[in-house]
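**Student:** Attaching a single structure in structure tokens format; questions to follow.
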Amino acid sequence: MEKVYLLFTDTGTLFTRMIKLYTKKTYNHASIAFDSNFQEVYSFGRKYPNNPFIGGFVKEDLRSTLFLKSRGAVYSIWATKEQIARMKEIIKSIEAEQQKYKYNLTGLITYTFNKPSHRKNAYFCSQFVAHVLKEGANYEFHKPISLISPYDLQCLTNLQLEYEGPLFHLIMNENRMNDLYRYNVG
């Protein structure tokens with residue numbers, strides 16, 4: 001068994017603040033990673049930090065200014081090597097054909113009316129993470145994945161909070177989780 005990391009962030013951008021007004025939740029962006037150094041972090045989101053309307057599959061750089069100025073929470077969940085291999089395969093398949101995939105802005109709108117979105121090859125961040133968990137690790141959700149919010153993901157059973165606080169401290173600290181977990185959460 002190995003850990004898979006779910007990251008939840010508050011970047012403080014205008015788009016994030018607008019979503020936060022609706023959700024009333026601290027973190028409104030979800031990503032998935034397979035290593036505690038966060039070298040490969042995946043999600044669906046904006047392609048350019050200052051333009052929320054051009055989005056799609058993204059390999060996020062937590063060392064970018066956008067994330068280093070952000071707050072976040074990192075949770076882990078245990079998965080078998082086979083599940084991790086399937087999840088990575090799903091992500092690599094999407095990454096290889098990312099021009100076919102779009103950001104599901106329509107899905108965000110239908111989400112506000114509690115109506116599932118059925119757009120092909122379109123995801124918003126938490127919908128993508130839920131898709132990877134469902135298809136790759138056989139995780140069962142109690143509602144359609146197009147209605148899964150970052151907060152819903154945070155409430156999954158068997159998640160372990162590893163870190164919460166400024167992402168700068170997490171990314172720039174070589175000891176990563178162990179020291180920071182005790183300082184910020186424990």
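Where a number appears in this text, it was derived from the coordinates with a stated rule and is not lab data. None of these values were measured; they are calculated from a predicted model. We place every Cβ from the backbone using ideal geometry, glycine too, and count neighbours over all the protein chains shown.
**Student:** If packing is taken as the average count of other Cβ atoms within 10 Å, what order do 156-164, 3-11 fall into, highest mean first? It would help to have the intermediate numbers written out before the result.
**Tutor:** Values: 156-164: 15.1, 3-11: 22.1.
The packing order, highest mean first, is 3-11, 156-164.
**Student:** Right, another one. Taking the DSSP beta bridges in the stretch 2-184 as the whole, what percent of them are antiparallel, to the nearest 5?
**Tutor:** Working: 29 of 31 bridges.
Beta bridges within the stretch 2-184, antiparallel portion: roughly 95 percent.
**Student:** If you don't mind, another one. Quick one: compute the contact order of the stretch 2-184, relative version, from alpha carbon pairs under 8 angstrom and 6+ residues apart, as a percent.
**Tutor:** 26 percent
**Student:** Also: Could you compute Rg(Cα) / (2.2 N^0.38 Å) for the chain, with N its residue count? Walk me through the intermediate numbers first.
**Tutor:** Numbers: Rg = 15.4 Å, N = 186, 2.2 N^0.38 = 16.0 Å.
Dividing the Cα Rg of the chain by 2.2 N^0.38 Å gives 0.96.
**Student:** In the stretch 42-186, how many lysine pairs have Cα atoms under 15 Å apart, counting only pairs 8 or more places apart or on different chains?
**Tutor:** Taking the stretch 42-186 as the scope, the lysine pair count is 12.
**Student:** Label-point separation (nm) for R119 and L156, each offset 7 Å from Cα along Cα-to-Cβ?
**Tutor:** 2.3 nm
**Student:** How much length is gained if the chain between R63 and K25 is pulled fully straight, taking 0.36 nm per residue apart and subtracting their Cα-Cα distance, in nm to one decimal? Mind showing how you got there, number by number?
**Tutor:** Values: separation 38, 0.36 × 38 = 13.68 nm, distance 2.40 nm.
Length difference between fully extended and current span is 11.3 nm.
**Student:** Moving to a separate point now. In straight Cα distance, which aspartates and glutamates are under 20 Å from K24, not counting same-chain residues fewer than 8 positions off?
**Tutor:** Partners within reach: D10, D152, E164.
**Student:** Could I ask something else about it? Would you mind computing, in nm to one decimal, how far apart the modelled labels at R17 and E97 are, each placed 7 Å from Cα along Cα→Cβ?
**Tutor:** 4.0 nm
**Student:** How far, in nm, would the chain grow between Q39 and K81 when pulled straight, counting 0.36 nm per residue and subtracting the alpha carbon separation? Before the final figure, lay out the partial values.
**Tutor:** Numbers: separation 42, 0.36 × 42 = 15.12 nm, distance 1.88 nm.
Working it through step by step, the gained length comes to 13.2 nm.
**Student:** Work out how much length F53 to K143 would gain on full extension: take 0.36 nm times their residue separation and subtract the Cα-Cα distance, in nm to one decimal. Can you show the working numbers first?
**Tutor:** Working: separation 90, 0.36 × 90 = 32.40 nm, distance 2.65 nm.
Result for the pair: 29.7 nm of gain on full extension.
**Student:** Follow-up. Put a dot 7 Å past each Cα toward the Cβ at E135 and T112; how far apart are the dots in nm?
**Tutor:** Here the modelled spin labels are 2.8 nm apart.
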